[in-house]
1. Checking Phe147 against (1) open to solvent by 10 Å² or more (accessible area, probe 1.4 Å); (2) more than 14 Å from the chain's Cα centre (by Cα); (3) within 13 Å of ligand 1 (Cβ to nearest atom), which single condition isn't satisfied?
2. Can you name the number of the only condition in (1) among the hydroxyl-bearing types (Ser, Thr, Tyr); (2) touching a Phe, Trp or Tyr at 6+ places or on another chain (Cβ under 7 Å); (3) closer than 21 Å to Phe270 by Cβ that Ser131 fails?
3. If you scan the stretch 182-202, which residues turn out to be surrounded by fewer than 21 Cβ atoms within 10 Å (Cβ to Cβ) and in contact with a Gly (Cβ under 7 Å, 6 or more places away or on another chain)?
4. Confirm whether Tyr260 is without any contact (Cβ under 8 Å) to a residue 40 or more places away in the chain, aromatic (Phe, Trp, Tyr) and farther than 25 Å from Tyr90 by Cα.
5. Please state which one of Phe270, Phe280 is within 30 Å of Asp101 (Cβ to Cβ), within 16 Å of ligand 2 (Cβ to nearest atom) and among the aromatic types (Phe, Trp, Tyr).
6. Quick one: in the stretch 168-179, which of the residues that are under 12 Å from Arg130 (Cα atoms) and in contact with a strand residue (DSSP E or B) (Cβ under 9 Å, 6 or more places away or on another chain) is most open to solvent (accessible area, probe 1.4 Å)?
7. Counting just the residues of the stretch 51-72 that are open to solvent by 50 Å² or more (accessible area, probe 1.4 Å) and among the charged types (D, E, K, R), which one comes out nearest to ligand 1 (Cβ to nearest atom)?
8. Can you go through Ser208, Ser195 and tell me which one is within 14 Å of ligand 2 (Cβ to nearest atom), in contact (Cβ under 8 Å) with a residue 12 or more places away in the chain and within 21 Å of Ala61 (Cα to Cα)?
Amino acid sequence: PRSSSTFYERYHSLENIYFWINRTQQDNPDTVKVILIGSSFEKRPLYVLKLSVNNRPNKKAMWIDCGIHAREWISPAFCLWFVQYSLSFYQSNKEITNILDNMDVYILPVLNPDGYHYTWTTNRMWRKNRSTNMSTKCIGVDLNRNFDANWCTEGASDQPCTEIYCGAFPESEPETQAVADFLRSHKDIVQIYFSIHSYSQMLLFPYSCTLEEAENHSELLEMVREAAQKIQRHYRNIYKYGSGANTIYLAPGGSDDWAYKLGIKYSFTFELQDRGSYGFLLPPSHISKACNEALLAVKTIALKVVEKTQ
Ligand code: PAY
Ligand code: ZN
């Protein structure tokens, strides 16, 4: 039978995601801008979509990145889903309207394009980027161990052949550097940072790089608790929540901890569906529910921040 799934209920090759970025911008010239923030090791462009519905002065912003780990295909699918939802339901859904009226959204759909491409052509289970180094024949750095937050301590590895290789030094990778540079130059406006991963069904916040509590731990805990509760009510699905180190494991050099230390006090890593049945190989038929769950969590947290800072 012919499939009745929409574009957003399928996974897309990197090439098609680039086409989609271009078309989304052309179809929404007043709302969507495409910003080139850098390029990958293999020289692929890193494009950020800026969603902005008005030119209010002193507007704040939220950042969402997807696809830092190549094999987590539901993550880029979520970034596309979020953009489509925002463009479709601005003015009709009151939550997304309130969020977009008060903040711009920067979306990086594929942070690790070389790795993502490699999972489509060669090895579906690839995690890292595709950088090479003269000192080893092993390829790739774990970009979520390459940020400058307790870099390469317990939970990361200095061995290039491992899946959690931290790289030669913090921000050694062009993908890490592009994101870090962009956030450093926008840190006064970016209030919320989201990084989207899979799998495990968890809503995490700093720290992942140490067992210590973040300064606003209880505030962050309350936000993810409310988000997880809404997901359970609406979608009958369980998400664990808490600080990264206490909920999943020690993971130093991650983007959320780095963004937090930069001063973005609302910083989160979401692990989307599932809890391991399919793992990274989540079937396309699950995309819609997985994305709607994550969307509800993003909206819940963003609205809280809008309320707090108004
Ligand atoms: O902030 O604690 C954090 C993120 C930890 C993630 C990591 O970078 O290792 C967790 C893993 C991920 O999404 O990459 C979880 C998955 C299931 C994995 O590959 O182990
Ligand atoms: Zn991941």
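1. (1) is the only condition that Phe147 fails.
2. The failed condition is (3).
3. Answer for the stretch 182-202, where residues must be surrounded by fewer than 21 Cβ atoms within 10 Å (Cβ to Cβ) and in contact with a Gly (Cβ under 7 Å, 6 or more places away or on another chain): just Lys187.
4. Spelling it out, it is not the case that Tyr260 is without any contact (Cβ under 8 Å) to a residue 40 or more places away in the chain, aromatic (Phe, Trp, Tyr) and farther than 25 Å from Tyr90 by Cα.
5. Values: Phe280 fails: within 30 Å of Asp101 (Cβ to Cβ).
The match here is Phe270.
6. In this case the residue turns out to be Pro174.
7. Selected residue: Lys60.
8. Ser195
The values are calculated or read from the model by the stated rules, or taken from the named source; none is laboratory data. None of these values were measured; they are calculated from a predicted model. Ideal geometry is used to build each Cβ from the backbone, glycine not excepted, and the neighbour counts take in all protein chains shown. We work out accessible area using only protein heavy atoms, side chains counted, and drop any ligands, DNA or RNA first. Shrake-Rupley method; radii C 1.70, N 1.55, O 1.52, S 1.80 Å.
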